[in-house]
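Take a look at the structure set out below.
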């Protein structure tokens, strides 16, 4: 099956017999009974009033994260700071997700070392820039890239893809189409990153993000 990454450097889906030079640093479909928060995933809810679950009666597995009904309450999913993504190894990250109620929310997803210090993400901040989905990068505490993808957030599933080349240049894809190309050194190639999903409610109402899968590959060396 063709993907939005086909034809870029080495990037293609590797079969079980052709991936000796590649590592799947994450391959999560959320098909279990509960989220593995002991060895793989960490979920953080700032207000302590939200909830998360692997949904029943949904094909192929869905992680639902529901904020509390408190202004600025947020849910964060990461890999317990197990930062194993090396930007110099041509990493690819693909996340399929949707926000059920898009009014008054902030969504961030992508690759993070320390957010707003070193990261490469898609960002929506409805109270600041409306429903516009931005491509954003930080390196060493400074913003190196922020560009409107020209795609607006809606209540449907979308494929969010990020590819980084060895020069630290990021490429942001939505639904298999390249939307934004960054510049060299937008991402610090000496840092390490982890997959990251965040949803914040800007009003005292429940907000839900559903994550269908998170998948990622990079070269071994």
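The values are calculated or read from the model by the stated rules, or taken from the named source; none is laboratory data. None of the values given here were measured: they were computed from a predicted structure. Note that we place each Cβ from the backbone using ideal geometry, even for glycine, and neighbour counts take in every protein chain shown.
Scanning segment 28-39 for residues that are in contact with a strand residue (DSSP E or B) (Cβ under 7 Å, 6 or more places away or on another chain) and either more than 17 Å from residue 95 (Cα to Cα) or assigned to a loop (DSSP other than H, G, I, E, B) (or both) yields 29, 30, 32, 33, 34, 35, 37.
Among the residues making up segment 189-210, those that are assigned to a loop (DSSP other than H, G, I, E, B) and either touching a helix residue (DSSP H, G or I) at 6+ places or on another chain (Cβ under 7 Å) or closer than 22 Å to residue 41 by Cα (or both) are 189, 191, 192, 202, 207.
If the condition is being touching a residue at least 40 places away in the same chain (Cβ under 8 Å) and farther than 22 Å from residue 220 by Cα, then segment 23-36 contributes 29, 30. Determine if segment 141-154 includes at least one residue that is surrounded by 22 or more Cβ atoms within 10 Å (Cβ to Cβ), under 23 Å from residue 89 (Cα atoms) and modelled with pLDDT of 95 or more. For segment 141-154, residues surrounded by 22 or more Cβ atoms within 10 Å (Cβ to Cβ), under 23 Å from residue 89 (Cα atoms) and modelled with pLDDT of 95 or more: absent. Close Cβ contacts (under 7 Å, 6 or more residues apart or on different chains) running from residues in segment 144-160 that are closer than 14 Å to residue 109 by Cα to residues that are modelled with pLDDT under 95 and outside any loop (DSSP other than H, G, I, E, B) are absent. Which residue is farthest from residue 95 (Cα to Cα), if the candidates are limited to segment 40-49 and must be surrounded by 15 or more Cβ atoms within 10 Å (Cβ to Cβ) and at pLDDT 95 or above? Here the answer is 45.
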